[in-house]
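See structure below.
The values are calculated or read from the model by the stated rules, or taken from the named source; none is laboratory data. Quick caveat: nothing in here was measured; it's all calculated off a predicted structure. In this analysis, Cβ positions are derived from the backbone assuming ideal geometry, glycine residues included, and neighbour counts consider all displayed protein chains.
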């Protein structure tokens with residue numbers, strides 16, 4: 001076994017120190033937000049909170065957790081995220097698989113239509129009129145359909161499918177599989193990495209989205225938790241005990257934003273470790289190669 005040279009060891013040491021500093025700088029805001037969410041208002045305003053809570057306080061968490069509308073909106077967010085992600089994955093996968101066929105007639109037009117939408121949109125008012133005219137307001141489809149296909153995700157999946165050996169599909173055709181059978185039984189099992197990556201991208205996007213719901217949902221009981229927490233920051237709650245909540249919020253205004261960030265980010269943070277191992281390989285394998 002060849003012993004690493006001195007310059008190589010120095011490079012590894014410097015690289016390790018730099019990466020450690022980057023990790024610490026990345027983690028600091030998250031740790032600080034968590035500490036602020038458990039700290040008292042006076043300590044936060046005085047700038048005493050860094051990495052550890054000061055003046056331990058659970059008032060804001062109690063306000064949110066004891067509001068039934070919070071749990072209703074949280075359930076809405078889970079439902080919207082699951083339905084929207086499933087729809088987005090089905091449409092994106094089918095579209096990307098079609099575009100990966102180089103002998104497809106009109107392939108360039110279909111790619112051009114997708115890329116065109118990356119740079120040009122109808123605008124907020126036309127989109128609102130369209131959703132309203134189609135009768136999609138106050139429903140999950142108002143949130144799922146307009147964002148069902150991300151062109152970036154589409155192009156990554158297309159490039160990944162193009163990288164798969166064509167001989168596998170030819171062999172499956174000889175065995176009698178049709179196009180749908182090839183996609184479901186051959187292509188998708190080989191695409192776990194990119195599929196998991198796209199699921200992560202879509203689920204994070206739909207989970208964090210609030211403006212669409214703010215625009216297209218009129219009923220409070222249909223709102224996702226992001227809108228609920230946005231209203232909480234603004235001094236209003238979507239729950240039935242709004243008056244009591246607002247009186248209490250006047251005592252914890254300094255850490256309400258930290259609490260909302262923690263509650264919104266926590267589910268995604270818990271899910272991410274399970275798909276992280278697919279993340280790098282999914283994006284790398286699906287990258288456009290020159």
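Hey, among 32, 57, which residue is modelled with pLDDT under 85 and either part of a helix (DSSP H, G or I) or under 14 Å from residue 258 (Cβ atoms) (or both)? Can you show your working first?
Details: 32 fails: modelled with pLDDT under 85.
Step by step, each of 32, 57 is checked, and only 57 is modelled with pLDDT under 85 and either part of a helix (DSSP H, G or I) or under 14 Å from residue 258 (Cβ atoms) (or both).
Just to be sure I understand the filter: pairs with C-beta atoms under 7 Å, separated by 6 or more residues or on different chains, first member in segment 108-127 and assigned by TED's automatic domain parsing to the domain that holds residue 150, second member assigned to a helix (DSSP H, G or I). Which pairs pass?
Taking only residues 6 or more apart or on different chains, the pairs are 110/99; 111/99; 114/151; 114/154; 115/151; 117/151; 118/151.
Could you check, for segment 120-137, whether at least one of its residues is surrounded by 13 or more Cβ atoms within 10 Å (Cβ to Cβ) and under 21 Å from the mean Cα position of the chain (by Cα)?
No, there is no match, as no residue in segment 120-137 is surrounded by 13 or more Cβ atoms within 10 Å (Cβ to Cβ) and under 21 Å from the mean Cα position of the chain (by Cα).
A quick yes/no check of all residues on (1) within 17 Å of the chain's Cα centre (by Cα); (2) farther than 18 Å from residue 82 by Cβ:
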{"residue": "176", "(1), (2)": "no, yes"}
{"residue": "183", "(1), (2)": "no, yes"}
{"residue": "192", "(1), (2)": "no, yes"}
{"residue": "196", "(1), (2)": "yes, no"}
{"residue": "202", "(1), (2)": "yes, no"}
{"residue": "209", "(1), (2)": "yes, no"}
{"residue": "217", "(1), (2)": "no, no"}
{"residue": "220", "(1), (2)": "no, yes"}
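Against the condition touching a helix residue (DSSP H, G or I) at 6+ places or on another chain (Cβ under 7 Å) and at pLDDT 70 or above, how does residue 226 come out, does it pass?
Yes; evaluated as a whole, the condition is true for this residue.
Could you say whether any residue in segment 53-75 is under 18 Å from the mean Cα position of the chain (by Cα) and crowded, with 20+ Cβ neighbours inside 10 Å?
yes
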